[in-house]
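The values are calculated or read from the model by the stated rules, or taken from the named source; none is laboratory data. Just so it is clear, the structure is predicted and the values come from calculations on it, not from any experiment. Note: ideal-geometry Cβ built from the backbone for every residue, glycine included; neighbour counts use all protein chains shown. The accessibility values were calculated without ligands, DNA or RNA, using every heavy atom of the protein model including side chains. Shrake-Rupley method; radii C 1.70, N 1.55, O 1.52, S 1.80 Å.
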Amino acid sequence: MNAPDRYERFVVPEGTKKVSYERDTKIANAASFTVEREDHTIGNIVRMQLHRDPNVLFAGYKLPHPLQYKILVRIHTTGQSTPTQAYNLAINDLDNELQHLKKGFEDELMRFQERHNQGY
Amino acid sequence: MSWKSSELDDLPKGLPEHLEIQRTRVICKNDAPIHTEGIQYSGAYASSGVDNTISFEKFSKDFKIEVIRLTEDEMEFDMVGIDASIANAFRRILIAEVPTMAIEKVFVVDNTSPIADESLAHRLGLIPINADPRLFEYLSENDVPNERNTIVYRMQVSCSKNSPQRLTVKSDKLEWLPEGSKLHEMVPGQQKTFTSFTNNQMEITKTPLGVKHEDITIARLGPGQAIELEAHAVKGIGKTHAKWSPVATAWYRMLPEVIFRKEIKGEEAVELVKKCPVKVFDIEDLANGEKKAVVARPRSCTLCRECIRGNTEEEIELRRVRDHFIFTIESASALPPEALFTEAVKILEEKCDRVLSELS
């Protein structure tokens, strides 16, 4: 009865931004990104990629409530970079990795089909 | 004089063996696994002088995909060099976010069967439809149903009054209507149609659209009962309802590794080979007539832990390779499993782009 509609899990309503950014007032080089209508699928990947950055001191994500469909990504960086830079770098790196993965998969599929066809 | 550890030849390079095992393997003990977190931080081993950065070059060097088995409905392939979060993301996207077509609206003209209208509609929704979802668009509330976003099916079955036995209605009774809805013909004189198809849908899809499996039982009719209905199928994703999930299931497991810490010979070896239900171990006959247990098929290990139950706990170690994933995808939609995985990668790329580009 009180459950939100299922399409709320991925449809961003009019007026809300998909990603918003809040600087932390008490700690230098710390910020919180709120991504609307996303879940662990993206959250865990971004957190993992942020951990690989040597300039990132702290990176974590959480879902504040399972029925509110948004994630909070918190990033602290050293003086060498800012949280926005770290976030952008992490996602660009992920893009490169995924493109490489897709190409590798397509190449392997072709090789497999050829091996399969030659076997007959 | 420089004391850089990379220049001194007699110092051991890299991590000591036990740390390397901690870094690259999950050890499954009798009660629970240990060392389950992956160590991503580049400075984790800085004090030992080992660099743990994972740059894109290192990733492209280490990354490998190998397809083990590929049939029309099922695919098993290995991915080496990716992290658990990416593997899990693919699993989640395959189950919930790759779109398919499924019946959403059912217009019932006549239903005297023992199955209630809503149960019948529920069953119809779960039937996999043989339509490529990439050729269709989503239908939103304000849109008019036309040939680009709706597929219309009709079912008209009846069981004659004199029939000696019940009639089983199977999914092949769903006939595809490429010209659009014919419901307005039911009511004489009504002009307004339920869908507005301008062209024959065959021009978009090129092949006839049916159901994927023709032998799914929908209902059973007794003598004198009939069903007449029209069903409209639309595009959706598994997150909205599981009927739109394109996979029967998709799962992954990590590559198992079975290590002997101590040699197991003789009677114990024979017992060990008998204990394993998936025949991971084998007997090797040594030169002096003794039998030794060896690991023959570590890949088939299901982690039932029968081999480390009881007194053999210290002799065998069960491990999982942290970055080697064995994916299995069972497709239940029109797309073959390799196309489903390619779609999943595209969807993950789009998600990453959206999360980045909408940051003002």
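Structure summary
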| read-out | value |
| --- | --- |
| Residue check, residue A:115 at the interface with chain B (Cβ under 8 Å from one of its Cβ atoms) and of a type in the set (Lys, Arg) | no |
| The one condition in (1) farther than 30 Å from residue B:63 by Cβ; (2) surrounded by 14 or more Cβ atoms within 10 Å (Cβ to Cβ) that residue A:25 fails to fulfil | (2) |
| Among the candidates B:246, B:223, B:256, B:208, residue that is within 30 Å of residue B:33 (Cβ to Cβ) and either without any contact (Cβ under 8 Å) to a residue 40 or more places away in the chain or not β-branched (Val, Ile, Thr) (or both) | B:256 |
| Tally, over region B:310-331, of residues that are open to solvent by less than 30 Å² (accessible area, probe 1.4 Å) and either assigned to a loop (DSSP other than H, G, I, E, B) or facing chain A (nearest Cβ under 10 Å) (or both) | 1 |
| Any hit, region A:68-77, residues being within 11 Å of chain B (Cβ to nearest Cβ), assigned to a loop (DSSP other than H, G, I, E, B) and closer than 27 Å to residue B:83 by Cα | yes |
| Among residues of region B:9-29, those that are more than 21 Å from residue B:52 (Cβ to Cβ) and modelled with pLDDT under 85, counted | 2 |
| Unique residue being within 11 Å of another protein chain (Cβ to nearest Cβ) and either closer than 16 Å to residue A:64 by Cβ or in a loop (DSSP other than H, G, I, E, B) (or both) when the list is A:41, A:16, A:25 | A:16 |
| Flag for residue A:7 being over 18 Å from the mean Cα position of the chain (by Cα) and either assigned to a helix (DSSP H, G or I) or crowded, with 20+ Cβ neighbours inside 10 Å (or both) | yes |
| Answer from B:253, B:220 - the residue that is closer than 30 Å to residue B:88 by Cβ and open to solvent by 70 Å² or more (accessible area, probe 1.4 Å) | B:253 |
| Residues located in region B:22-57, provided they are part of a strand (DSSP E or B) and either acidic (Asp, Glu) or open to solvent by 40 Å² or more (accessible area, probe 1.4 Å) (or both) | B:25, B:33, B:34 |
| Complete set of residues in region B:61-87 that are open to solvent by 40 Å² or more (accessible area, probe 1.4 Å), more than 7 Å from chain A (Cβ to nearest Cβ) and either farther than 26 Å from residue B:238 by Cα or part of a helix (DSSP H, G or I) (or both) | B:61, B:62, B:64, B:68, B:84 |
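Residue-by-condition table, conditions (1) in a strand (DSSP E or B); (2) open to solvent by 40 Å² or more (accessible area, probe 1.4 Å); (3) more than 14 Å from chain A (Cβ to nearest Cβ):
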site: B:292; (1), (2), (3): yes, yes, yes
site: B:299; (1), (2), (3): no, yes, yes
site: B:307; (1), (2), (3): no, no, yes
site: B:345; (1), (2), (3): no, no, no
site: B:349; (1), (2), (3): no, no, no
